[in-house]
Amino acid sequence: MKANKATLIAQAIGMYLMHIPLYIFFIVELFPGEHQSIAKGLLLALLILTVPVVLICAANIVFAVISIFKGETDPSKTVLKVKLALIPWYVINFVMCFVIVAVLSNPFMMLGIPAVIGLSLCMTYFFMLGTSLADVANYLRKVYVEKSEKPSKSRIVTVICLLIFCLDIVGGVAFYRQNERAKFASNSDPAISEEE
């Protein structure tokens, strides 16, 4: 599904663009002085940039569900590229959340820490699902709709890894490699292998 490929790439680009107001916010806060209006503007820009990324991520999830029944192509190569490209984003996201929690760790703002951590975890997991579900849907289509593949323990473990933080990258690499091996095995000529 070409739309899924385009929205996966758009999600990755949007996730990086979404962080730009936060980078500027932290840089502005390093310099002394009153920056209230700038800070409010940057936080508003962050919110405005987050909305389209969330919508694109939701579209990726919908496209993944649709591709279980109407998919023709294997998205694992695109998914792997997007997951590898997003590794720095996840590291920076973790560091920024840590900084925000550190800023909130004064007695007057302590109640905000669980909200920040919870919101950050939910959003990050939602973004991860947006990139992982294309591979999960591809597997479900092959096993249950096309019946071109039998369930195996290694593939099930790979699919489970795609749904867990950090392990989703390992799952993406494994899923791509398994698909490439399956393509190679199906393209090899049995007559040539018998002669050898």
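Residue-wise test of (1) within 24 Å of the chain's Cα centre (by Cα); (2) of a type in the set (Phe, Trp, Tyr).
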position	(1), (2)
Ile87	yes, no
Phe98	yes, yes
Ser105	no, no
Val116	yes, no
Asn138	yes, no
Val143	yes, no
Phe184	no, yes
Ser188	no, no
Notebook entry, point to check: Can you tell me which residue in the range 128-146 is surrounded by the fewest Cβ atoms within 10 Å (Cβ to Cβ), limited to those that are over 21 Å from Ala59 (Cβ atoms) and either in contact with a helix residue (DSSP H, G or I) (Cβ under 6 Å, 6 or more places away or on another chain) or of a type in the set (A, V, I, L, M) (or both)?
Noted result: Val145
Next item on the list: Take the range 149-196 and flag every residue that is surrounded by fewer than 10 Cβ atoms within 10 Å (Cβ to Cβ), at pLDDT 85 or above and not in a helix (DSSP H, G or I).
Entry: Lys150
Note to self: Take Ile27 and tell me if it is at pLDDT 90 or above and either surrounded by 14 or more Cβ atoms within 10 Å (Cβ to Cβ) or over 15 Å from the mean Cα position of the chain (by Cα) (or both).
What the structure shows: no
Next item on the list: Tally the residues that are part of a helix (DSSP H, G or I), closer than 23 Å to Gly14 by Cβ, of a type outside the set (Gly, Ala, Ser) and more than 10 Å from the chain's Cα centre (by Cα), restricting the search to the range 68-79.
Entry: 2
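The values are calculated or read from the model by the stated rules, or taken from the named source; none is laboratory data. These numbers were taken from a predicted model, which means no experiment stands behind them. Reconstructed Cβ throughout: ideal geometry from the backbone, glycine too, with neighbour counts over all protein chains shown.
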